[in-house]
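Step one of this worksheet: look at the structure below.
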Amino acid sequence: MSEIYISREKAIDAIEREYGDDVMGAIKAKEAIYSVELADCRPVVHGHWVDASDTSGREYFRCSECGTYIEKIFFAHDYPVNCCPCCTAIMDK
Ligand SMILES: [Zn+2]
């Protein structure tokens, strides 16, 4: 069975928005959500490469999300430019 993951905090917010936070049904629903085991997943991070070359002649790109510097020379050799190798950000932002 395929699963879809949602944010627990956003689910709690939706219950409170719809029913308030002191209605017994809303309290039970929130308790049920908090009782569910956490999924082994993390949010997808989107970023982009920032040109971070310096005046020494070395050319770099810097990941917008984690700040990792990678020499541009690696990009010319089939380096995986669509994903940061350090934080795994998808470079589509
Ligand atoms: Zn990164």
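Scanning the stretch 30-38 turns up no residue that is assigned to a loop (DSSP other than H, G, I, E, B), basic (Lys, Arg) and either closer than 22 Å to residue 5 by Cα or in contact (Cβ under 8 Å) with a residue 60 or more places away in the chain (or both). Of all residue pairs spaced 6 or more apart or on separate chains, those with beta-carbon atoms under 9 Å, a first member in the stretch 58-71 that is assigned to a strand (DSSP E or B) and a second member that is of a type in the set (A, V, I, L, M, F, W, C) and near the ligand (Cβ under 6 Å from one of its atoms) are 63/84; 63/86; 63/87; 63/89; 69/63; 70/63; 70/84; 70/86. Report the residue count in the stretch 43-82 for those that are among the basic types (Lys, Arg) and more than 14 Å from the ligand (Cβ to nearest atom). Residues meeting the conditions: 2. Among the residues of the stretch 33-89, those that are farther than 29 Å from residue 13 by Cα and acidic (Asp, Glu) comprise 51, 54, 59, 71, 78. Out of (1) in contact with a helix residue (DSSP H, G or I) (Cβ under 6 Å, 6 or more places away or on another chain); (2) in a loop (DSSP other than H, G, I, E, B), the odd one out for residue 44 is which? Evaluating residue 44 over (1) in contact with a helix residue (DSSP H, G or I) (Cβ under 6 Å, 6 or more places away or on another chain); (2) in a loop (DSSP other than H, G, I, E, B) leaves (1) as the failure. Against the definition (surrounded by 13 or more Cβ atoms within 10 Å (Cβ to Cβ), closer than 30 Å to residue 92 by Cα and acidic (Asp, Glu)), how does residue 9 come out, yes or no? For residue 9, the condition - surrounded by 13 or more Cβ atoms within 10 Å (Cβ to Cβ), closer than 30 Å to residue 92 by Cα and acidic (Asp, Glu) - is not met.
A short reminder: the numbers here are calculations on the coordinates, not readings from a lab. Only a predicted model underlies this, so the values are computations on that prediction, with no experimental measurement involved. In this analysis, Cβ positions are derived from the backbone assuming ideal geometry, glycine residues included, and neighbour counts consider all displayed protein chains.
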